[in-house]
Amino acid sequence: MISQHNLWVDNLLGLYQHSLTGNFDNRGIASDFARETYINTLLDDDLLPAVLNGNFKAVFLTGNPGDGKTAFLEKIYSGLKAKGCTENWKDASGWEVEYNGKVFTACYDASESCNGVSADERLKILFKSFAGEWEPNINEVVLVAINDGKLHSFFSNKQNKDKFKWLSQTVMDKAFSSERSKHVENIIIVNLKERTLVDLEFDITDSLFDKLLNIFTAEEHWQICHTCLSQTYCPIFANAMALGFGEMSKQAHYRLKLLFAISHLRRNRHNTMRDIRSALSFIITCNL
């Protein structure tokens, strides 16, 4: 036996927010590893095809940093590229493409200023075609990642309410009304803070947490460790076995999931998808 180097461990380390080797994969799905470990949800199965089909005029993705807003916008971009769209531009702030007679414009974070342009001004530019008190007849699809506080403050501002009367009324009704009216179907608001990342089931492993841990600890990614000189005392390999393919892994998996579920139920903090990916990275690799 000789000492082996497992590239899968290097990739996992890149998920931890304070990784000693860098946290390149902590945001978005820019790398092969990030795409390989991306978990499909109803967003991908139901909403994504509808967006690619141009069924909406505006899509708002709200939630905390790390909830997956940027990742989903990148999935939309990849889907449009696969369909042969024409790219107008793409940079760190978002992208714009043309497909099937429509212009799709995405903003990765409308809650922050960018290149000297304030968040409010960026939103005004994004929604310039929506100005007025009636629903616009446009061939545009605007995709916006934004936190709900900024969404509320922008569309509750009197100047913006007057300028974007129809859009403002629609957004405020859909996002913040107690009745959550759905009468306008071509504007959709998805609050990613409302999705459940973990459950309390022992035998059912369909939660996002379960699927993610199963991918991270799948034995196929640890085959090289079986031939490593250090396998008997390597803490990283021991953690992968304990949580993934060891004799008692099912029980250890459930106990770890229970800790995350307790954190969720206590409501002390909102655990995002980024938080869970980062935490599992640290638990498995110890940031070594």
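The values are calculated or read from the model by the stated rules, or taken from the named source; none is laboratory data. Quick caveat: nothing in here was measured; it's all calculated off a predicted structure. As a convention, Cβ positions derive from the backbone with ideal geometry for all residues, glycine included, and neighbour counts pool all protein chains shown. Each accessible area value is taken on the protein alone, full model and side chains, heavy atoms only, with ligands, DNA and RNA left out. Shrake-Rupley method; radii C 1.70, N 1.55, O 1.52, S 1.80 Å.
Okay, residues lined up against (1) crowded, with 18+ Cβ neighbours inside 10 Å; (2) of a type outside the set (A, V, I, L, M, F, W, C); (3) without any contact (Cβ under 8 Å) to a residue 40 or more places away in the chain:
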position	(1), (2), (3)
Trp95	yes, no, yes
Ala106	yes, no, yes
Ser113	no, yes, yes
Ser118	no, yes, yes
Glu121	no, yes, yes
Ile125	no, no, yes
Ala131	no, no, yes
Asn137	no, yes, yes
Phe155	yes, no, yes
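Kindly establish whether Ser263 is without any contact (Cβ under 8 Å) to a residue 24 or more places away in the chain, in a helix (DSSP H, G or I), out of contact with any His (no Cβ under 7 Å at 6 or more places or on another chain) and within 23 Å of Gln17 (Cα to Cα).
On the way: without any contact (Cβ under 8 Å) to a residue 24 or more places away in the chain: yes; in a helix (DSSP H, G or I): yes; out of contact with any His (no Cβ under 7 Å at 6 or more places or on another chain): yes; within 23 Å of Gln17 (Cα to Cα): yes.
Taking the combined requirement at face value, the residue satisfies it.
I'd like to know if segment 219-235 contains one or more residues that are in a helix (DSSP H, G or I), farther than 22 Å from Ile39 by Cα and among the β-branched types (Val, Ile, Thr).
Pass one, segment 219-235, residues in a helix (DSSP H, G or I): 219-227, 235.
Of the ones still in play, those that are also farther than 22 Å from Ile39 by Cα are 223-227, 235.
Okay, now just the ones that are also among the β-branched types (Val, Ile, Thr), so 224, 227.
Yes, some residue in segment 219-235 is in a helix (DSSP H, G or I), farther than 22 Å from Ile39 by Cα and among the β-branched types (Val, Ile, Thr).
State whether the residues of segment 214-237 include one that is closer than 25 Å to Gly68 by Cα, open to solvent by less than 20 Å² (accessible area, probe 1.4 Å), in contact with a His (Cβ under 7 Å, 6 or more places away or on another chain) and modelled with pLDDT of 95 or more.
Checked against the condition, which is being closer than 25 Å to Gly68 by Cα, open to solvent by less than 20 Å² (accessible area, probe 1.4 Å), in contact with a His (Cβ under 7 Å, 6 or more places away or on another chain) and modelled with pLDDT of 95 or more, segment 214-237 yields no hits at all.
Could you go through segment 78-92 and let me know if any residue there is at pLDDT 95 or above, open to solvent by 20 Å² or more (accessible area, probe 1.4 Å) and of a type in the set (Asp, Glu).
Yes, segment 78-92 contains a residue that is at pLDDT 95 or above, open to solvent by 20 Å² or more (accessible area, probe 1.4 Å) and of a type in the set (Asp, Glu).
With Phe56, Phe33 as the choices, which residue is out of contact with any Phe, Trp or Tyr (no Cβ under 8 Å at 6 or more places or on another chain) and at pLDDT 95 or above?
Values: Phe33 fails: at pLDDT 95 or above.
Within the list Phe56, Phe33, the selection yields Phe56.
Say we look at segment 238-260 and pick out the residues that are in a loop (DSSP other than H, G, I, E, B) and open to solvent by 30 Å² or more (accessible area, probe 1.4 Å); which of these is nearest to Gln4 (Cα to Cα)? Step through it out loud before you land on a result.
Step one: of segment 238-260, the residues in a loop (DSSP other than H, G, I, E, B) are 246-248.
Next cut, open to solvent by 30 Å² or more (accessible area, probe 1.4 Å) only: 247-248.
Working: Glu247: 23, Met248: 25 Å.
So, considering only residues that are in a loop (DSSP other than H, G, I, E, B) and open to solvent by 30 Å² or more (accessible area, probe 1.4 Å), the one nearest to Gln4 (Cα to Cα) is Glu247.
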